[in-house]
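A.B. asks: There's a structure below that I have some questions on.
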Amino acid sequence: MVGGTPKQHKMCLFVSIALDDTSTKSYSLFYRKTEQTMLKITYTKQASKTLRTMQPKTAKRILTAIEKLADNPARTDLDVKALQGRDGYRLRVGDWRVIYSQDGLVLAIEKIAPRGKVYK
């Protein structure tokens, strides 16, 4: 989102506390959750061609992982590491690697290849 404030959503949590054996007291706790902006995903020609030529099931797994990364780059459940010796990051999806860079709100997918060929 450019040039505005994040949308606010109210979330409610209900808590019941037992005061004694016969009575309980219920409370409503409200907090605000900000909506994050998903990063725009761009692909190089090589990355697009690799996705088109691979098996559909594998391509779907890779695209799902890329979308999760674009939705929240700080996720801890994805296997992401910074590249050594050059700028960028790698995302591991099984035996496949996705080399990408992030510039502001753009996630640029540079290369998708099997583990042994991606760094060459």
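A.B. asks: Within the range 100-119, track down each residue that is closer than 18 Å to residue 73 by Cβ and surrounded by fewer than 14 Cβ atoms within 10 Å (Cβ to Cβ).
C.D. replies: Scanning the range 100-119 gives 103, 104, 105, 106.
A.B. asks: Could you check the range 103-120 and list, in sequence order, the residues that are touching a strand residue (DSSP E or B) at 6+ places or on another chain (Cβ under 7 Å) and assigned to a strand (DSSP E or B)?
C.D. replies: Going through the range 103-120, the residues touching a strand residue (DSSP E or B) at 6+ places or on another chain (Cβ under 7 Å) turn out to be 105-115, 118.
Those that are touching a strand residue (DSSP E or B) at 6+ places or on another chain (Cβ under 7 Å) and assigned to a strand (DSSP E or B): 106, 107, 108, 109, 110, 111, 112, 113, 114.
Yes/no per residue for (1) of a type in the set (Ser, Thr, Tyr); (2) assigned to a strand (DSSP E or B); (3) out of contact with any His (no Cβ under 7 Å at 6 or more places or on another chain); (4) modelled with pLDDT of 90 or more:
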{"position": "1", "(1), (2), (3), (4)": "no, no, yes, no"}
{"position": "4", "(1), (2), (3), (4)": "no, no, yes, no"}
{"position": "14", "(1), (2), (3), (4)": "no, yes, yes, no"}
{"position": "64", "(1), (2), (3), (4)": "yes, no, yes, yes"}
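A.B. asks: Which of (1) in contact (Cβ under 8 Å) with a residue 40 or more places away in the chain; (2) in a loop (DSSP other than H, G, I, E, B) is the odd one out, the single condition residue 86 does not satisfy?
C.D. replies: Answer for residue 86: the failing condition is (1).
A.B. asks: Between a residue in the range 33-52 that is assigned to a strand (DSSP E or B) and any residue that is at pLDDT 95 or above and among the β-branched types (Val, Ile, Thr), which pairs come within a Cβ distance under 6 Å, given they are 6 or more apart or on different chains?
C.D. replies: As it stands, the answer is 43/109, since those pairs meet every condition given.
The values are calculated or read from the model by the stated rules, or taken from the named source; none is laboratory data. Note that the structure is a prediction, hence the values are computed from the model and not measured. For neighbour counting, all protein chains shown are included, and Cβ atoms are generated from backbone atoms with ideal geometry for every residue, glycine included.
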